[in-house]
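The values are calculated or read from the model by the stated rules, or taken from the named source; none is laboratory data. Predicted model, so just to flag it, every value in this text is computed and none were measured. Note that we place each Cβ from the backbone using ideal geometry, even for glycine, and neighbour counts take in every protein chain shown. Heads up: the accessible areas ignore ligands, DNA and RNA and are worked out on the full protein's heavy atoms, side chains in. Shrake-Rupley method; radii C 1.70, N 1.55, O 1.52, S 1.80 Å.
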Amino acid sequence: LQWRGEYGADSLTGEDWSAEDATGEMYCSGVDREGRPSWTWRCHLHDHRRRSAEESTRYLIAILERTWLINPAADKMHVICDCTGLRYDNYEHVMCLQCVEILGAQYPDQLEVCFMFPISWVIQALV
């Protein structure tokens, strides 16, 4: 819970993220039949020149928190990482590592499944 205070996770959802939302890079993508919310990251739309890795991380946490608000009673969430069209020029290694760190360290009990497609060179870059 210490990280929630450090990032201000509870207050991030109240910030104005309209510019980031307009890109369609990350969004809450609904619920499954059991009511579990889903979050989608369209990685190819990430532009590391638009905002810093720290700002991207704050936005990631805001989106994850917003996704929980779809159904706070849900016990798990789905993560969809759409890497279609991802190239080296729009790939940001620091942001990907932070995403893996946040999902693995801060939301491990809440993750039902993480879909990543296509994986090709992305997995090689992360390991």
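Please tell me if Gly8 is at positive phi and not β-branched (Val, Ile, Thr).
Taking the combined requirement at face value, the residue satisfies it.
Starting from the range 85-110, keep only residues that are over 20 Å from Ala62 (Cα atoms), then list their pairs with residues that are in a loop (DSSP other than H, G, I, E, B) and among the charged types (D, E, K, R) whose Cβ atoms are within a distance under 8 Å, requiring at least 6 positions of separation or different chains.
Close Cβ pairs (under 8 Å, with a partner that is in a loop (DSSP other than H, G, I, E, B) and among the charged types (D, E, K, R)) amount to Asn90/Asp47.
Take the residues in the range 11-49 that are closer than 19 Å to Glu92 by Cα and polar (S, T, N, Q); name whichever of them is least open to solvent (accessible area, probe 1.4 Å).
Applying the filter and picking the extreme gives Thr40.
Checking the conditions here, which among Arg42, Arg51 is in contact with an Asp or Glu (Cβ under 8 Å, 6 or more places away or on another chain), charged (D, E, K, R) and under 24 Å from Ile119 (Cα atoms)?
Going through Arg42, Arg51 in turn, just one is in contact with an Asp or Glu (Cβ under 8 Å, 6 or more places away or on another chain), charged (D, E, K, R) and under 24 Å from Ile119 (Cα atoms): Arg42.
Quick check on this structure: which one of Arg4, Arg33, Arg66, Arg58 is at pLDDT 90 or above, basic (Lys, Arg) and in a helix (DSSP H, G or I)?
Arg66
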